[in-house]
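The values are calculated or read from the model by the stated rules, or taken from the named source; none is laboratory data. Note that the structure is predicted; figures quoted are calculated from it, not measured. Methodologically, a virtual Cβ is constructed for each residue, glycine included, from the backbone with ideal geometry; neighbour enumeration extends over all protein chains shown.
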Amino acid sequence: MREVRIDKLTGDKAIYVSMRSKRPLDKIKEPDDESLNSDYSSWCPFCAGNEHMVEEETHRVQKDGKWTSRAVMNKFPAVNYESDDIFGRHEVIIETYRHNGNFFDMSEQEFRDMFSVYRNRYNELINEDGINYAVIYKNFQRASGASLNHPHSQIVSLNMVPPEVEKEVNSLTDYYEKNKKNLHQEIIDQEIKNKSRIIYDGEHFIAFIPDATRYNEEIRIFAKYKILIDDFKGDILEELVFVFKSLFKRVYEKDGYLPFNVTLHTPPKGMEDEFRLHFHIIPRRFNFGGFELSSNLFVCSSDPEQTVDKLRFNKNRKDD
Ligand SMILES: [Zn+2]
Ligand SMILES: [Zn+2]
């Protein structure tokens, strides 16, 4: 069976194909890369001990005089302050000092430190003159666009709201005009009521697989109410750390060493009350091809409900 589905959040269209025979996909093995046997690599610019190999540091979290997570200027920035047309700042967030760390094996403390660097860098960059938005994202493995193995995220501030976020804002405002209701809150409430696509339902966040997305097995983590990056502390931070740690453990059990992207969408300025902060986690098991590029139609062959069954985790930490 084939049908077109529309992603309510973005307005994207996707072709959903239900496969007759569902063959389980093989797990992806760790790459045979010697540098991943150790938490230090002599040529890696992001490793502790190689600080001289990178640009200026902008922030660090440290313990016993040593940094555990830090941010540095990007050596090859997508934007800088040299143009009036498009400008902003591009930094790299080194999630952990451990060269061979990754989201599948990072400790709660490592996630905590990483989110604390996210908060610090976002707050500083978003408040610079003329800046309207800042995206935080992560590429994991070469298939997702990463050029270095060492675990890192990136933040880019911009004088404009990027088109991908603008699409979501347009969906939100169109929906409000037609229905006088908040689309993001409706999506959250419907997923909770429906239950079948929920991976996790907590006090501050939910994780689910949307019924329509152009990316196979995309996972979305939504703040259930108004939460901003500045709120990534205390209880909220603890739950976020728990969600990431538990979710990526499940992803690893299901898929192995899966390449993926993470993007964090925060409310654009002035939309803090209606736009719910959320993460997109996009597996990159398959690449896009000519059909997707020529039509902007993506084909999804996985069943959200079935995928959810393998990823679901419990609120109670002791059960995990
Ligand atoms: Zn390294
Ligand atoms: Zn989004």
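Pairing residues of region 23-52 that are within 9 Å of ligand 1 (Cβ to nearest atom) with residues that are of a type in the set (A, V, I, L, M) and in a loop (DSSP other than H, G, I, E, B), at Cβ distances under 8 Å and at least 6 apart in sequence or on separate chains, gives TYR40/ALA48; CYS44/LEU148; PRO45/VAL54; PRO45/LEU148; PHE46/VAL54; PHE46/LEU148. Candidates in region 266-316 are the residues that are farther than 22 Å from ASP255 by Cα and not in a loop (DSSP other than H, G, I, E, B); of these, the one that is nearest to the chain's Cα centre (by Cα) is HIS278. Any residue at all in region 8-15 that is among the aliphatic types (A, V, I, L, M), within 23 Å of the chain's Cα centre (by Cα) and more than 15 Å from ligand 1 (Cβ to nearest atom)? Yes: one or more hits.
MET1 meets each of the listed conditions (1) buried (at least 16 other Cβ atoms within 10 Å of the Cβ); (2) without any contact (Cβ under 8 Å) to a residue 60 or more places away in the chain; (3) under 30 Å from TYR175 (Cβ atoms) apart from (1). In the set (1) in contact with a strand residue (DSSP E or B) (Cβ under 9 Å, 6 or more places away or on another chain); (2) surrounded by fewer than 17 Cβ atoms within 10 Å (Cβ to Cβ); (3) under 29 Å from ASN80 (Cβ atoms), GLN109 fails one condition alone, (3). Residues in region 153-197 that are touching a helix residue (DSSP H, G or I) at 6+ places or on another chain (Cβ under 7 Å), of a type in the set (D, E, K, R) and within 16 Å of ligand 2 (Cβ to nearest atom): none. Once region 1-12 is narrowed to residues that are more than 16 Å from ligand 2 (Cβ to nearest atom) and over 23 Å from PHE260 (Cβ atoms), the residue that is modelled with the lowest pLDDT is MET1. A count restricted to region 267-299 and to residues that are within 24 Å of ASN102 (Cβ to Cβ) and β-branched (Val, Ile, Thr) stands at 2.
Among the residues of region 137-152, are any under 18 Å from THR58 (Cα atoms), within 15 Å of ligand 2 (Cβ to nearest atom) and surrounded by 13 or more Cβ atoms within 10 Å (Cβ to Cβ)? Please lay out each step first, then the result.
Step one: of region 137-152, the residues under 18 Å from THR58 (Cα atoms) are 137, 151-152.
From the residues that got through so far, the ones that are within 15 Å of ligand 2 (Cβ to nearest atom) too are 137.
The next check asks that each one be surrounded by 13 or more Cβ atoms within 10 Å (Cβ to Cβ); those that pass are 137.
Among the residues of region 137-152, at least one is under 18 Å from THR58 (Cα atoms), within 15 Å of ligand 2 (Cβ to nearest atom) and surrounded by 13 or more Cβ atoms within 10 Å (Cβ to Cβ), which makes the answer yes.
LYS249: more than 16 Å from ligand 2 (Cβ to nearest atom) and more than 21 Å from LYS13 (Cα to Cα), yes or no? Considered against the rule, which asks whether it is more than 16 Å from ligand 2 (Cβ to nearest atom) and more than 21 Å from LYS13 (Cα to Cα), LYS249 comes out as yes.
The lone criterion from (1) aliphatic (A, V, I, L, M); (2) farther than 19 Å from SER246 by Cα; (3) away from ligand 2 (no atom under 16 Å from the Cβ); (4) under 14 Å from the mean Cα position of the chain (by Cα) left unmet by MET114 is number (2).
Go through region 153-167 and give me each residue that's surrounded by 20 or more Cβ atoms within 10 Å (Cβ to Cβ) and more than 16 Å from ligand 1 (Cβ to nearest atom). Show your work before the answer.
Keep residues of region 153-167 that are surrounded by 20 or more Cβ atoms within 10 Å (Cβ to Cβ), which gives 153, 155, 157-158, 165.
Of everything in region 153-167, those that are surrounded by 20 or more Cβ atoms within 10 Å (Cβ to Cβ) and more than 16 Å from ligand 1 (Cβ to nearest atom) turn out to be ILE155, SER157, LEU158, VAL165.
Would you say GLY101 is in contact (Cβ under 8 Å) with a residue 24 or more places away in the chain and surrounded by fewer than 17 Cβ atoms within 10 Å (Cβ to Cβ)? In short, no.
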